[in-house]
Amino acid sequence: MKTFLVGITSFFWCIGLIAQQSANVQPGVVSSYQKGLQGIGPDFGNNPASENFYNQMRDKLANMGIEQRIALDDIEGSIYLNEDFVLGKVFFNTDEEAKMYLRYNAFNDEFEIKKTQLEEEVTRALLKSEEISCSLGNNTYNYFSLVNEKGEKSMGYLKTIYTTTNYKLLEQRNKLFKEGKQAKTSHAVSFPHRFVDETNYYISVDGSAPVYVSSKKKELIFLFKAEHQEEVKGFLKKKNIDLKSKDGLINLVAFSGTL
C-alpha cells in the first residue's frame, strides 16, 4: 500500500504542486507519493495536453517558418492514432501503478490521460520518463533514449513489436504536419493543411539504445552484432526482404534470433 504525501484524493489531480514547464505549456497537476519505505515515486501527470494544443502548434509552425495562425479545424486528418480514450495501464519501471484512460497524441509524441471518460474532465498528459511506461491492449509503449534517422540522440515513445535474445524491434508512429498549398492558377492543384502518418522502426541490441532502421541494406546490416552480420547479409540477399515493411523486418529480426 502506497502512502500519499499530499492530502487529496487523486495523486495526479491535485493543484498544490503545479509548476510551470515552459513559456507556452501550462503544466498540469503534479503529485508525488512514497514508493515503499524509501524513495519517491514518479509524477504521472504534467501538462493538460488538449488545452495547450494550439500553443504547441504555434510553436512548431513558427519553428518551421510558418507565421500564419492555423486552427485545428483548418487541418485535415487527426493528431491521434485513435480519437477515443482506451482503458490502459501505467507502470513505474515494471510495477503496475494505475489504470486510466489513454490515447496517443502522435503529433506531440505524448499519451493523454483521463481518470474517467467524462467529457468535462480535464485531459492531461502522461509525464515523459524512461521509468514510466503504459500499455493499451497487447501493446506496451516505453519512452526511450534513442538514435534517430540523423544519427542524433533523441527521445520518443516506441512500441515493442518483436523480441529475441539479443535483438528487439520497435515501432514509432508519428503524425507530421504538412502545410497546404493554394493554387495560383486554374490549372494548378490546391492542397489543404493536413496531418500525415509516418512510421519508423528501431532495433535495440542487447538492451542498448534503439537505433533507427534505414532501408539501405548496408546501413541496416551494421546495426547487428559483428558476428551476425555476414549471416544477416546472406539472409537479406536470399530472401529479398522488403526493408520498408513491418513483416519484412520482423522476419529479419526473427532470423537474427537464431544465430
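Can you name the residue in region 73-91 that is under 9 Å from TYR104 (Cα atoms) and not charged (D, E, K, R) and is also modelled with the highest pLDDT among such residues? Top of the filtered list is PHE85. Selection of region 109-156 for residues being of a type in the set (Val, Ile, Thr) and in a strand (DSSP E or B) yields ILE113, ILE132, THR140, VAL147. Filter region 158-172 down to the residues that are out of contact with any Asp or Glu (no Cβ under 6 Å at 6 or more places or on another chain) and touching a residue at least 40 places away in the same chain (Cβ under 8 Å) and list them by number. Of everything in region 158-172, those that are out of contact with any Asp or Glu (no Cβ under 6 Å at 6 or more places or on another chain) and touching a residue at least 40 places away in the same chain (Cβ under 8 Å) turn out to be LEU158, TYR162, THR164, THR165, TYR167, LYS168, LEU169, LEU170, GLU171.
For first residues located in region 73-84 and outside any helix (DSSP H, G or I), partners that are modelled with pLDDT of 85 or more and hydroxyl-bearing (Ser, Thr, Tyr) and lie 6+ apart or on another chain with Cβ distances below 8 Å form the pairs TYR80/TYR104; LEU81/TYR104; ASN82/TYR104. Checking each residue in region 228-257 for being free of Cβ contacts under 8 Å to residues at least 12 places away in the same chain and not hydrophobic (A, V, I, L, M, F, W, C) picks out GLN229, GLU230, GLY234, LYS237, LYS238, ASN240, ASP242, SER245, ASP247, GLY248. Note on region 215-259: residues that are in a loop (DSSP other than H, G, I, E, B), surrounded by 13 or more Cβ atoms within 10 Å (Cβ to Cβ) and charged (D, E, K, R) total 2.
The values are calculated or read from the model by the stated rules, or taken from the named source; none is laboratory data. All values derive from a computational prediction rather than experimental measurement. Don't worry about glycine lacking a Cβ; one is built from the backbone with ideal geometry, like all the others, and counts go over all protein chains shown.
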